[in-house]
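The values are calculated or read from the model by the stated rules, or taken from the named source; none is laboratory data. Bear in mind the structure is a predicted one, so any value in this text is a computation, not a measurement. Cβ sites come from the backbone with ideal geometry, for glycine too, and all protein chains shown count toward neighbours. SASA here: full protein model, heavy atoms, side chains in, ligands and nucleic acids out. Shrake-Rupley method; radii C 1.70, N 1.55, O 1.52, S 1.80 Å.
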Amino acid sequence: MKKQILAFILCITTLSLEAGDIPGSKENPFLKRLDGSTIVRYKIPDHANVNFWTVNEKGGSLSLLGDGSILRMAYSLPGAATGTKQVFDVYLKELKDKEFKVEYSNDKWLLVWAEMAIGQQGFEELKVSDKDDCGYVYATKEDPAGFIRISVLVVKFKDAQKNMFAAGDIGIFVDSCQSKPKGN
C-alpha cells in the first residue's frame, strides 16, 4: 500500500512539473487556458487598479482605470502549429460566448500599444518588433459578483524573448479586474 501511495504522489508531482506552470499560479476565473499553454507570469498586484487600453471615438488611445480584485497573467503557447489570428479568435469567441460586451478588439493591434500593455504587466524586458503579429481585445461584463473588465493581448514573437518565449511562440497576456458589486 505504501508503494502505491508513493507511486501516486510521484505521478502527481511529475504531472504538475510537466505542466511547466510557475509555482503558485492558478487558472484564470474568467477564461479557459488553451491546450498546450503554460503559465509564465501570475501576479495579484498590491495596488488596487489597472489600466485597460481601448480607443476613443476619434481613433486615439484611451486608458481606462479598473479597480478591485486584479489578476495579471501570461501564458506561453508553442506557436509552430497556429497563428496569432487563430488564438485571438478563440479568446474573442469565448468572451462573447460568456456574454462579455466587447468594448474594443483588433486582430492587427498597433505595436506601440502592445509594448505598453506588456510593460504594464511587468514585462519591460520583452520587446515587440514590427515583425511580430499582435491582437488585442478588451471586454466588460456586469455580474452579480461585481463588474468585470478583462483584456487579452496575443503576440506571436518572431524572435526569442528572455528565456520566456522561443522564436515563434505565442504570448497571451491577460489582465482581469472584478470590482465589488454596487452597494458593498
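For residue 168, are the conditions met, namely being on the phi > 0 side of the Ramachandran plot, modelled with pLDDT under 85, touching a Phe, Trp or Tyr at 6+ places or on another chain (Cβ under 8 Å) and assigned to a loop (DSSP other than H, G, I, E, B)? So residue 168 passes the test. Filtered by the rule that a residue be in contact with a Lys or Arg (Cβ under 8 Å, 6 or more places away or on another chain) and under 15 Å from residue 102 (Cβ atoms), region 151-173 gives no residues.
Taking residues in region 155-169 that are closer than 19 Å to residue 22 by Cα, and partners anywhere that are of a type in the set (S, T, N, Q), the pairs with Cβ atoms closer than 8 Å and at least 6 places apart or on different chains are 164/76; 165/76; 169/76; 169/161. Scanning region 171-184 for residues that are open to solvent by 20 Å² or more (accessible area, probe 1.4 Å) and modelled with pLDDT of 85 or more yields one hit, 178.
Within region 18-36, restricting attention to residues that are out of contact with any helix residue (DSSP H, G or I) (no Cβ under 9 Å at 6 or more places or on another chain) and touching a residue at least 60 places away in the same chain (Cβ under 8 Å), which residue is most open to solvent (accessible area, probe 1.4 Å)?
If we filter region 18-36 for residues that are out of contact with any helix residue (DSSP H, G or I) (no Cβ under 9 Å at 6 or more places or on another chain), which is where we start, we get 18-29, 33, 35-36.
With touching a residue at least 60 places away in the same chain (Cβ under 8 Å) added as a condition, the list becomes 28-29.
Details: 28: 10, 29: 95 Å².
Residue satisfying both the conditions and the ranking: 29.
Residues of region 37-68 that are open to solvent by 60 Å² or more (accessible area, probe 1.4 Å) and either modelled with pLDDT of 80 or more or of a type in the set (Lys, Arg) (or both): 43, 44, 58.
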